[in-house]
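Structure, as structure tokens:
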Amino acid sequence: MTTKHNHNKKTDGYARRLPTIFINLDNLMKLILNLFFCLFLLNLFGQQTNKIDKTINSFMNKWEIEGLSIAIINAGDLVYTKGYGYSNITTKEKVTPKHKFRIGSISKSITAVTIFTLMEEGKLSLSDKVFGKNGILNDSPYLKILDQRILEINVQQLLEHTAGWGKNKSFDPMFKNQLVSDSLHLGRSPTPKDVIIYMLQNHYLDNAPGSKFMYSNLGYCILGRVIEKLTGLDYENAVKKQVLSPLKMFDTKIGDSKNSGKNESVYYSEDSYISSSAFYPFQEKVKPEYGGFDLSLLDSCGGWTSSVIVLAKLICALDGYTNRKDIVLPQSLNTMFAASLENSNYAKGWFVDTHKNWWHNGSLIGSYGMMAKINDGRGWVILMNNNIWNNKKFYKDVDKLLFKPTKKLAFSKLINNFTNY
């Protein structure tokens, strides 16, 4: 009986263990299937990112670009970022996604976003007049005005490049430092305020305010002073308070015209490019990318430096997706991206089209960049450390660079990198 009893006990124990074995095998099969699925996704993503890499490398070889960085987003998430080439060809330091670059006129988008945050605080409206005794900039230096039509300029017209000034018809005072200094008898390099005073006192508008689109660096220089007046801070610190700090866009700053800062790329231009210094007394001959323009003067229209990852955060703070809080309300976004009546391809700080895509590029000698948001959720930032100056084919190649390679990208949460930066 004892032997039989022990035999049954063993059998019962074995039987009780059988389900456990089958359950473990079932879990193991699920684990294996999940692993194969993840490997499939990673392989698919790898194949597609290889296409991106080949596209970028081909572009860089074609245009002899020394260094370039990209960030790709989808539906509010950073999904791919990479550096290519060298940030310094002498030391062979490779570009990383954390490297900063000069972003040129992408600065205008940052300025526009700052204006909209101030609007939501009730500090101004689009219809507010900018000049005159009842305008925002009503300090005495701004009251001496040659063309009385200037008194009709409002904030919206500055944002939309319809205030009446245009660099294509007359000239761009943001790059005429010696002329401004000499005309105002400054005996020093001009400030943004000096440039505005010079234009108010010495130049007529090219067009009546609100009548025609003409791209204007001066208009965004003026918006920078509007921001200063309404916040009581200098432009850079005002933008940090209103936009950069809330979005954790750290390590973004107005650039140094004569040097590359910490973790900032070196810039390159054609060896034959030589210009006069943008700094008083304006006599020194310099490479234009290091002293040929004054980034502190360009601050609100073209002076910022940043990285692709940081600028990707800005796109995601304006895209309407709920996984990340936007920096302004939906109605403000609708207004910001609404095309001007005078130009269906420009809104308020952004180029736009009828497909609800929005973007901005930035061009300086020695650097070029683009940030874009596509209506299907995709977006990207491209920054590089040289520029094929005034070459329309080059600019067109940049515009379309990441459109096709990202169109069927297998976006995966596994690649989300915002938490790492």
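Spelling out what I want: for every residue of region 110-117, take phi, set θ = phi - 60°, compute 6.51 cos²θ - 1.76 cosθ + 1.60 (Karplus), and round to whole Hz; glycine and proline get x.
Taking θ as phi minus 60°, the curve returns 5, 5, 4, 4, 4, 4, 5, 5 Hz for region 110-117.
Starting from the amide H of residue 328, placed 1.01 Å from N in the peptide plane, find each other amide H under 5 Å away whose residue is 5 or more places distant or on another chain.
For residue 328, whose amide H was placed from the backbone, there are no distant partners under 5 Å.
So how far apart, in nm, are the two label points at residue 400 and residue 356 if each is 7 Å from Cα heading toward Cβ?
It is 2.5 nm.
Which distance in Å, rounded to a whole number, links the C-alpha centroids of region 328-405 and region 251-321?
19 Å
Please get the size of the charge dipole for region 52-420, origin at its Cα centre, with Cβ charges of +1 on Lys and Arg and -1 on Asp and Glu, quoted in debye to the nearest 20.
Values: 45 positive and 35 negative charges, 170 e Å.
Dipole magnitude for region 52-420 comes out near 820 debye.
Which percent, to the nearest 5, of DSSP beta bridges fully inside region 52-420 are antiparallel? Mind dumping the intermediate values first?
Details: 41 of 43 bridges.
Taking every DSSP beta bridge within region 52-420, about 95 percent pair in antiparallel fashion.
Multiplying the sequence separation of residue 285 and residue 186 by 0.36 nm and subtracting their Cα-Cα distance, what value in nm do you get?
Values: separation 99, 0.36 × 99 = 35.64 nm, distance 2.11 nm.
That pair, residue 285 and residue 186, stretches by 33.5 nm at full extension.
Any chance you could list the semi-axes, whole Å, largest first, of the equivalent ellipsoid that the Cα gyration tensor gives for region 52-420, using √(5λ)? The partial results should precede the final answer.
On the way: eigenvalues 206, 131, 62 Å².
That gives 32, 26, 18 Å for the three semi-axes.
Pick out, from 358, 346, 317, the residue whose Cα sits farthest towards the positive end of the charge dipole of region 299-386, with +1 on the Cβ of Lys and Arg and -1 on the Cβ of Asp and Glu.
The Cα lying farthest towards the positive end belongs to 317.
What are the ³J(HN,Hα) values, in whole Hz, obtained from phi via the Karplus relation 6.51 cos²θ - 1.76 cosθ + 1.60 with θ = phi - 60°, for each residue of region 196-210 in sequence order, with x given for Gly and Pro?
5, 4, 4, 5, 4, 8, 10, 9, 7, 5, 6, 9, 5, x, x
Just want the answer: with Cβ charges of +1 for Lys and Arg and -1 for Asp and Glu, which residue in 124, 95, 134 is farthest toward the dipole's positive end in region 52-420?
Towards the positive end, the residue furthest out is 95.
Modelled label-to-label distance, residue 149 and residue 121, 7 Å Cα→beta-carbon offset: nm?
The answer from the label model is 3.4 nm.
Going by amide H atoms built from the backbone, whose H comes under 5 Å of the H on residue 366, apart from near neighbours?
387
How far apart, in nm, are two points set 7 Å out from the Cα along the Cα-to-Cβ line at residue 274 and at residue 133?
If labels sit at residue 274 and residue 133, their model points lie 5.4 nm apart.
Once amide H atoms are placed 1.01 Å from N in the peptide plane, what residues at a sequence separation of 5 or more from residue 378, or on another chain, have their amide H within under 5 Å of its amide H?
HN-HN under 5 Å from residue 378: 75.
Along region 401-407, what does the Karplus equation 6.51 cos²θ - 1.76 cosθ + 1.60 (θ = phi - 60°) give for ³J(HN,Hα), rounded to whole Hz, x for Gly and Pro?
So the Karplus estimates, Gly and Pro as x, are 3, 9, 5, 6, x, 9, 5 Hz.
The numbers here are math on the coordinates, done by the rules we state, and not lab data. Remember, it's a predicted structure, so these values are computed and weren't measured experimentally. With ideal geometry, Cβ positions are generated from the backbone for all residues, glycine too; neighbour counts draw on all protein chains shown.
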